[in-house]
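Q: Structure provided below as C-alpha cells; questions to follow.
The values are calculated or read from the model by the stated rules, or taken from the named source; none is laboratory data. Note that the structure is a prediction, hence the values are computed from the model and not measured. Backbone-built Cβ (ideal geometry, glycine too); neighbour counts: all protein chains shown. Calculation scope for accessible area: heavy atoms of the full protein, side chains included, ligands and nucleic acids excluded. Shrake-Rupley method; radii C 1.70, N 1.55, O 1.52, S 1.80 Å.
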Amino acid sequence: MPSNEQRREAAKRKLERQLVNRAERARKRRIVGVIGTVVGVVAVVGVIYWLANIGGDDSTTDTASSNTVETSAPDTPPDTPTSIPTELAAVPKRTAALPAKVSCEYPAEADKPAAKQVKAPETKDISSQGTATATLAINGGEVKATLDRALAPCTVNSFTSLAKQGYFNDTPCHRLTTTDGLQVLQCGDPSGTGSGGPGYSFDDEVFPEIKYGRGLLAMANAGKNPDTNKGTNGSQFFIVYGTAELPPNYTVFGSIDAESMKKIDEIAKAGTVSQGNPGDGKPKNEVKISTVTVA
C-alpha cells in the first residue's frame with residue numbers, strides 16, 4: 001500500500017500533467033484562432049474586391065422612353081442588319097379625308113424644357129391639303145422627304161415650323177435599330193439623349209390602317225400622357241429603312257424617295273453599338289443633320 005508521501009507525489013505529478021495538457025490545448029486554440037482571423041480577413045478583402053469590380057466593363061447608359069443610351073466600350077462590335085429590303089413601302093392613306101383646314105394644339109410642357117429654344121407653331125386654320133418638300137442634309141448628303149398634310153396636318157405644321165426656326169440644324173441622329181423586326185434611324189433631339197424635345201407636345205394623328213415600311217417618315221413618341229390621355233409627340237422622328245413591326249401608334253407624316261434611302265442604307269450598314277438591347281443603340285458612326293429646309 002503506498003504511503004501518504006507517495007500518494008502526494010503521485011497527485012502532484014498528475015496535476016503537473018494536467019497543467020501541461022491544458023497549456024498545450026490553449027496554445028493550439030490560439031493558433032487556430034489566428035488562422036481563422038487571417039482566413040476571415042482574406043475572405044473579406046476578396047468580397048470587397050469582387051463588389052468593386054463586378055460589372056466594371058459595363059457601359060454608361062442614358063436612356064429615354066424606348067429610346068436609348070449613350071456610350072459603349074470602343075471595342076464592342078456593332079450590330080448590323082442581316083438584310084435590308086429595297087422596295088419602298090406604300091404610303092398609307094386615310095379612308096376618310098380631313099376637313100380642308102384644322103385646328104392644332106401644342107401645349108407647353110412645364111416639366112420638360114426645350115432642348116433648343118423655339119416658338120410653338122400656329123394653331124388655327126392649318127391646311128390639311130397638299131404636300132411640302134423637306135431636304136435634310138445628313139452627313140454631307142441630301143435626304144429628300146415629301147411631307148403629306150392630308151396624312152398629318154398638325155405634324156407637318158410642327159415639323160415645318162421647327163425646320164424654319166433652325167431647330168434641327170447641327171443635331172445628331174441618336175438611335176439606330178438593326179433587328180429583323182425594327183429597322184429605323186431616329187433623329188430630332190438636339191440633346192442627343194433621346195429625351196429632348198421642343199418644349200411642347202401634340203396629339204397623335206393615327207388611324208388603324210397605318211402600316212410601317214421602308215421609306216416612311218414617322219413621329220417617335222412615349223405613348224399617351226397618363227394625365228391628359230393625349231399624345232406625346234414633340235420633335236423626334238424616325239425614318240424606316242427596312243421593316244418596322246409596330247402597332248399603328250406612330251404618326252406617319254411623309255416619305256423619303258428611293259435615291260435618298262441609299263444614304264440611310266449606308267448609315268444602317270455601318271451598324272449600331274447596342275447598349276442594353278441587341279440591335280438598338282447609338283449608330284457606330286456619328287450621324288449628324290446639318291440643316292433641314294422646307295419648301
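Q: By its C-alpha gyration tensor, with a ≥ b ≥ c as the square roots of the eigenvalues, how is the range 85-206 shaped: rounded for a/c under 1.5, else prolate for a/b larger than b/c, else oblate? Please report the intermediate quantities before stating the final value.
A: Values: a/c = 1.62, a/b = 1.06, b/c = 1.52.
Since a/c reaches 1.5 but b/c is at least a/b, the shape of the range 85-206 is classed as oblate.
Q: Could you state the orientation-averaged shadow area of the convex hull built on the Cα atoms of the range 245-288, in nm² to one decimal?
A: 4.4 nm²
Q: Between Lys211 and Glu259, what is the spin-label point distance in nm, taking each point 7 Å from the Cα along the Cα→C-beta axis?
A: About 2.9 nm, to one decimal.
Q: In straight Cα distance, which lysines are under 27 Å from Lys119, not counting same-chain residues fewer than 8 positions off?
A: Lys101, Lys144, Lys164, Lys224, Lys230, Lys288
Q: Enumerate the lysines that Lys284 could reach by cross-link, defined here as Cα to Cα under 18 Å, with residues fewer than 8 away along the same chain left out.
A: The reachable lysines, counting only those whose Cα sits under 18 Å from Lys284, are Lys262, Lys263, Lys269.
Q: Students often get this wrong: which residues of the range 165-190 have the backbone nitrogen under 12 Å from the point 7 angstrom along Cα-to-C-beta of Ser290?
A: 170
Q: Place a +1 charge on the Cβ of each Lys and Arg in the range 227-295 and a -1 charge on the Cβ of each Asp and Glu, then give the dipole magnitude about the Cα centre in debye, rounded to the nearest 20. List each step's numbers first, then the result.
A: Details: 7 positive and 8 negative charges, 35 e Å.
Result for the range 227-295 is approximately 160 debye, rounded to the nearest 20.
Q: So, with a 1.4 angstrom probe, what is the percent of accessible area on the range 139-291 that is carbon and sulfur? It would help to have the intermediate numbers written out before the result.
A: On the way: 2610 of 5510 Å².
Solvent-exposed carbon and sulfur of the range 139-291 make up 47 percent of the total.
Q: Where only protein heavy atoms count, and the probe is 1.4 Å, what is the accessible area per residue for the range 180-279 in Å²?
A: 36 Å²
Q: Can you spot the lysines whose alpha carbon is less than 19 Å from Lys211's alpha carbon? Ignore those fewer than 8 places along the same chain.
A: Partners within reach: Lys93.
Q: For the range 197-295, count all C-alpha to C-alpha pairs, find those more than 16 Å apart, and express that count as a whole percent of the total. Please list the in-between numbers first.
A: On the way: 3165 of 4851 pairs.
When every Cα pair of the range 197-295 is considered, 65 percent fall beyond 16 Å.
Q: Could you let me know the centre-to-centre spacing of the range 149-166 and the range 98-120, using Cα atoms, in angstrom?
A: Taking the Cα centre of each part, the range 149-166 and the range 98-120 sit 10 Å apart.
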